[in-house]
Structures are given as C-alpha cells and as structure tokens.
Amino acid sequence: MKKSFASVIVGSGLALCASLSIAETAAQPAAAQASIPFANHGGILNWRADRDQGLYVQDSRRQWYYAKFMGTCPGVNFSNGLGFNTEPMGTFDKWSTVVVPGEGSCFLQSVVASDGPPSKKEVKTAKVTPTQTKSTDAPASAPQGSAH
C-alpha cells in the first residue's frame, strides 16, 4: 500500500511539472506576423536570400520583412529571380509561397517585420571565428616537436 501511494505522489508531481512547462511555453509571446499588401501589384520592391533558410523582402514603402521557410528552399540563394504566389488576395504573408525557377515552390513558416538584411561587413565579421584566426600549419592531432 505504501508503494502505490508513493507512486501516486510521484506521478502527480511529474504531471504538475509537465503542465507548468506547457503553461510557460504558451505564455511566451510569438513574433507578430506581418504581411505585404498588394504584393501582386508592385508591392514587393526588393529581396535578398538568407542562404536557403529564409528571405528578406522589402515592400514598396521600403520596410523590410523576414520570411522564414518551413524547411530549406533549394536554389533560392543563387537565383536571379523569384516568383511570389500571393493567391487569393494578393497579400504576401505566411500563407504565400516563393517560387524558385527550375526548383519549385517553397512554403513559408512566418513573415515578420525586420531591420533588413545584414550588411556585407556584418556577414564577413560573423564568418571569422577565433579558430580561423589561428595559424594552422600543422594538423591539431600531430604531435608537436616529436622526433622520428
């Protein structure tokens, strides 16, 4: 009897912890979804790919947005042109798709307001890591100064 009572107490405690974790996750605010009206009538002015993960899109008012893909979007980083499927209302939002010529359509997870794409200087700085700045004349696994 003692063993089953202890199991109930432990089980109740685990259920309480799980429900608190779910409540905390639900309480975190999500980024406000945005949209570009009249995207099908010149509403999109410019765009820049964020590798194959997302797309920075600038509207005709020069406001930037970040459209995150649901998965990867092959070919978007090297494409010279894109299509924006904004049916049925002509608004670019998370329900739109990005069409990469010769590759297919890419679905969006979200579209949020953004400060715009990072500058080339910021991208270059982000690529340099402390391990890249060291001289790597010899492989790290080779013993240093050993005689053969």
Practice task
Search the stretch 52-74 for residues being among the polar types (S, T, N, Q) and over 12 Å from the mean Cα position of the chain (by Cα), and hand back the single one that is nearest to Lys94 (Cα to Cα).
Solution key: Gln58
Exercise for the section: Could you please find all residues in the stretch 89-98 being among the hydrophobic types (A, V, I, L, M, F, W, C), buried (at least 18 other Cβ atoms within 10 Å of the Cβ) and closer than 11 Å to Val111 by Cα? Expected result: Phe92
Fill in the blank from the handout: Among residues of the stretch 43-88 being surrounded by 13 or more Cβ atoms within 10 Å (Cβ to Cβ) and acidic (Asp, Glu), the residue farthest from Val99 (Cα to Cα) is Asp59
Exercise for the section: Note down all Cβ pairs under 8 Å where the first residue falls in the stretch 89-105 and is touching a residue at least 12 places away in the same chain (Cβ under 8 Å) and more than 19 Å from Arg48 (Cβ to Cβ), the second is among the aromatic types (Phe, Trp, Tyr) and surrounded by fewer than 16 Cβ atoms within 10 Å (Cβ to Cβ), and they're at least six residues apart or on different chains. Expected result: Gly90/Phe38; Thr91/Phe38
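How about the stretch 101-117: which of its residues are part of a loop (DSSP other than H, G, I, E, B) and touching a strand residue (DSSP E or B) at 6+ places or on another chain (Cβ under 6 Å)? Lay out the reasoning, then the answer.
Kept after step one, since they are part of a loop (DSSP other than H, G, I, E, B), are these residues of the stretch 101-117: 101-103, 115-117.
Passing the criteria: Gly116, Pro117.
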Practice task
Tell me, yes or no, whether the stretch 118-134 has at least one residue that is at pLDDT 85 or above, assigned to a strand (DSSP E or B) and at negative phi.
Solution key: no
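The values are calculated or read from the model by the stated rules, or taken from the named source; none is laboratory data. No experiment lies behind these values; they were computed from the predicted model shown. Using ideal geometry, Cβ is built from the backbone for each residue, glycine included, and neighbour counts are taken over all protein chains shown.
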